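Novice: Below is the structure I would like to discuss, written out as structure tokens.
What follows is calculated from the coordinates using simple rules that are stated; it is not laboratory data. Nothing here was measured: the structure is a model prediction, and the numbers come from that model. Positions of Cβ are generated from backbone atoms using ideal geometry, with glycine treated the same way; all protein chains shown enter the neighbour counts.
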Amino acid sequence: MREAPAEFRQRILAWLSKNVPQDRIEHILRVEQLAIDLAKFHNLDVHKAAQAGLMHDLAKYFKSQKLLQIARQEKKAIDIDPVAEMNPHLLHAEVSAIVARDELGIKDPEILAAIADHTLGRPGMSPLSCVVFLSDSLEPGRGDSLELIALRQLCYQDLNAAVWMTCDYTLQYLLDQQWLIHPRALLTRNWFMQATKQVQ
């Protein structure tokens, strides 16, 4: 017998309450809600968006060694490049997808991809993945600067352009902080910029 959506959500929330601090759960719930809103607006599967939003940070608080260990044990190889090796926290998105699959029984590849790609994005990622990527970056708890307000509005106009401009926003922050930038973040930005310009 299939689990009802409300029961499934309660099971995820129970898992999160044991593994994630309360302030992070509040962020997760805001991501879930924004993902639902964007999915409705863009005629995407609302249940998939809600589930991916709810599970996107399952591994957020795993220790670095655990993240590396799980990533290395995965049969479908996860690319642990020098930037991820230096900052294993970048692996939390892909490890969260593994946890969703192995511990919570998620089999839908679109949901798993949306979880895995919510931090660095991925060139050519699906509209559902775009929605979760944008929801994580732009949920209301991130602030209300004019730039963030404009990016949130863009999400309802053009998902590709919103991903491109959100990548630019994030990359500028990383540059200002003098932090390492993962190559896939640049590949994501370039792909979505080109996709946007091709239809203009």
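Novice: Sort 24-35, 121-132 by packing, meaning the average of other beta carbons within 10 Å per residue, with the highest value first. Present the calculation step by step, with values, prior to reporting the outcome.
Specialist: Numbers: 24-35: 19.6, 121-132: 22.0.
In descending order of packing, they fall as 121-132, 24-35.
Novice: What FRET efficiency would be calculated for the residue pair TYR173, GLN22, taking the C-beta separation as r and a Förster radius of 25 Å, to the nearest 0.05?
Specialist: 0.50
Novice: Could you check the spin-label model distance between GLU110 and HIS42? Points 7 Å from the Cα along Cα→Cβ, value in nm.
Specialist: Going by the 7 Å Cα→Cβ label model, 1.2 nm.
Novice: Let me ask something additional. Once the mean 1/r over all distinct Cα pairs of the chain is inverted, what Kirkwood radius in angstroms do you read off?
Specialist: It is 17.1 Å.
Novice: Where the eigenvalues come from the Cα gyration tensor of segment 96-200, what are the semi-axes √(5λ) of the equivalent ellipsoid, largest first, in whole Å?
Specialist: 23, 16, 15
Novice: Assign unit charges at the C-beta atoms only (+1 for Lys and Arg, -1 for Asp and Glu), then state the dipole size of segment 5-198 relative to its Cα centre in Debye, rounded to the nearest 20. It would help to have the intermediate numbers written out before the result.
Specialist: Numbers: 21 positive and 24 negative charges, 79 e Å.
Using Cβ point charges on Lys, Arg, Asp and Glu, segment 5-198 gives about 380 debye.
Novice: Oh, and also: So what is the 222 nm mean residue ellipticity for the chain from helices alone, if each DSSP H run of at least 4 adds -39500 (n - 2.57) and you divide by all residues, rounding to the nearest 500 deg cm²/dmol?
Specialist: Computed mean residue ellipticity for the chain: -21500 deg cm²/dmol.
Novice: Can you pull out the chymotrypsin sites (Phe, Trp or Tyr not before Pro) in segment 135-200 whose DSSP state is coil and whose Cβ has at most 11 other Cβ atoms within 10 Å?
Specialist: TRP179
Novice: Also, quick follow-up: Between GLN69 and GLU103, how high is the FRET efficiency from 1/(1 + (r/R0)^6) when r is the Cβ-Cβ distance and R₀ = 25 Å? Nearest 0.05.
Specialist: Calculated value: 0.95.
Novice: Here's something else I'd like to know. Filter the cross-link list LYS76/LYS107; LYS18/LYS60; LYS18/LYS75; LYS40/LYS60; LYS60/LYS107; LYS60/LYS197 down to pairs whose alpha-carbon distance in this structure exceeds 23 Å.
Specialist: Flagged as over cut-off: LYS18/LYS75; LYS40/LYS60; LYS60/LYS197.
Novice: Right, another one. Any chance you could run the full-extension gain for ALA6 through ILE80? It's 0.36 nm times the residue separation minus the Cα-Cα distance, nm to one decimal.
Specialist: Gain on extension, ALA6 to ILE80, equals 23.1 nm.
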